[in-house]
Amino acid sequence: MTLEQGLAEFFTHLGLEKNASDKTVKSYREDLTQALVFARERLKKGQVDPADWTTRLLRAFVSWLHEQGYAKSTIARRLAAVRSFGKFLCRQGVLQANPAKGLRGPRPDKPLPHFLTVADIQKLLTAPSQTDWAGRRDRAILETLYSAGVRVSELVGLDLADADLNDGVVTVRGKGKKERLALLGPAAVAAMNLWLPDRSELLARTSLETDAVFLNKDGGRLTTRSVGRLLVNYLRQAGLDPRTSPHTLRHSFATHLLDAGADIRGVQELLGHKSLQTTQVYTHVTTARLQQNYQKAHPRS
């Protein structure tokens, strides 16, 4: 059997036995046809034999894809197709071992976290009206998310006993119920002090008892979904990026601290990250911004 014949059988196998969609078969056909064309040109042969389908050849194919400037996601897809084809050839008894099994694909680039500028944060924080209880509550929510850098689940989990507004500190319970201290700046403390009397009146009207700091209109603990919905409303009012989520405020918190020269280990502690490597993604954000500013401003860039 030539490799071309094996490829034809593989496509039949995908369509009939694996019940793959036409789109999937088309993708495999594109990926493997390119690999086969590369093999013919590399080996200077009109037909490629199974014995030619070696790890060395496939490693050269992956290197060539990098040289041609293919995206990492495309290279990973090509390699996955080659690996599946090799597995099929082994099951058919054409090959004894899959030559692509040990090949490692490129590590996908981690997207940099989305964050708001300081000016955008200011627009967002001042969007809630201060003339009604809901607006005062929402201002306190947004100020706390940004000031303390807490996750939205940590925010809605806050109880009154967790907040020490005199010292500007809240105790939050993060992943694995691990406790840490988060800091509230003067603006967040002021917003909380405006909201808490409304909270007491709301509970008095509903005759409910709860320790939760942030409540819905019925006097129950606010949910993460509700926080997401109210954020969407204020983003629309402020004309800000709709991709923004409550977690974006946490990203903005970390990015702005590092921009201002904060120690990365201190930021790690405030975020509650177990690993410093998790926090270091924000240094990439600040570095990328520095490079952009340099390229725009430097006369020799």
> Quick one: would you say Arg205 is more than 16 Å from Pro113 (Cα to Cα) and surrounded by fewer than 13 Cβ atoms within 10 Å (Cβ to Cβ)?
Replying inline: yes
>> Restricting to the stretch 16-32, count the residues that are surrounded by 13 or more Cβ atoms within 10 Å (Cβ to Cβ) and either among the β-branched types (Val, Ile, Thr) or over 27 Å from Lys72 (Cα atoms) (or both).
In response: 2
>> I'd like to verify a number: residues in the stretch 30-74 that are at pLDDT 90 or above, assigned to a loop (DSSP other than H, G, I, E, B) and among the β-branched types (Val, Ile, Thr), how many?
In response: 1
> Any idea which of Val150, Val227, Val172 is within 29 Å of the chain's Cα centre (by Cα), part of a strand (DSSP E or B) and aliphatic (A, V, I, L, M)?
Replying inline: Val172
>> Here are the criteria: (1) of a type outside the set (A, V, I, L, M, F, W, C); (2) modelled with pLDDT of 95 or more; (3) part of a helix (DSSP H, G or I). Tell me which single one Pro128 does not satisfy.
In response: (3)
> Do you know which residues across the stretch 228-242 are in contact (Cβ under 8 Å) with a residue 60 or more places away in the chain and more than 13 Å from Leu124 (Cβ to Cβ)?
Replying inline: Gly228
> Looking only at residues in the stretch 52-89 that are closer than 26 Å to Lys18 by Cα and of a type in the set (A, V, I, L, M), which one is farthest from the chain's Cα centre (by Cα)?
Replying inline: Leu89
> Out of curiosity, is Phe11 under 15 Å from Leu79 (Cα atoms), assigned to a helix (DSSP H, G or I), more than 33 Å from the chain's Cα centre (by Cα) and not β-branched (Val, Ile, Thr)?
Replying inline: no
> Has the stretch 93-113 got at least one residue that is over 32 Å from the mean Cα position of the chain (by Cα), part of a helix (DSSP H, G or I) and modelled with pLDDT of 90 or more?
Replying inline: no
> Would it be correct to say that Lys87 is of a type outside the set (Asp, Glu), surrounded by fewer than 19 Cβ atoms within 10 Å (Cβ to Cβ) and closer than 30 Å to Leu145 by Cα?
Replying inline: no
> Residues in the stretch 182-225 that are of a type in the set (Ser, Thr, Tyr) and free of Cβ contacts under 8 Å to residues at least 24 places away in the same chain: how many?
Replying inline: 4
> For the stretch 176-185, does any single residue satisfy the condition of being buried (at least 17 other Cβ atoms within 10 Å of the Cβ) and basic (Lys, Arg)?
Replying inline: no
> Do we find that Ala148 is buried (at least 17 other Cβ atoms within 10 Å of the Cβ), under 30 Å from Val232 (Cα atoms), out of contact with any Cys (no Cβ under 7 Å at 6 or more places or on another chain) and among the hydrophobic types (A, V, I, L, M, F, W, C) in this structure?
Replying inline: yes
> Has the stretch 121-139 got at least one residue that is crowded, with 21+ Cβ neighbours inside 10 Å and of a type in the set (Ser, Thr, Tyr)?
Replying inline: no
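For every residue, the table says whether it meets (1) closer than 18 Å to Leu142 by Cβ; (2) modelled with pLDDT of 90 or more; (3) out of contact with any Lys or Arg (no Cβ under 9 Å at 6 or more places or on another chain).
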position: Leu215; (1), (2), (3): yes, yes, no
position: Arg225; (1), (2), (3): yes, yes, yes
position: Val232; (1), (2), (3): yes, yes, yes
position: Phe253; (1), (2), (3): yes, yes, yes
position: Leu258; (1), (2), (3): no, no, yes
position: Asp263; (1), (2), (3): no, no, yes
position: Thr278; (1), (2), (3): no, no, yes
position: Thr287; (1), (2), (3): no, no, yes
position: Leu290; (1), (2), (3): no, no, yes
> Just checking, which of Ala134, Ala187, Ala140 is in a helix (DSSP H, G or I), over 29 Å from the mean Cα position of the chain (by Cα) and assigned by TED's automatic domain parsing to the domain that holds Val227?
Replying inline: Ala134
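The values are calculated or read from the model by the stated rules, or taken from the named source; none is laboratory data. Note that the coordinates shown come from a computational prediction; the quantities given were computed from them, not determined experimentally. Neighbour counts are summed over all protein chains in view; Cβ atoms, including those assigned to glycine, are modelled from backbone coordinates with ideal geometry.
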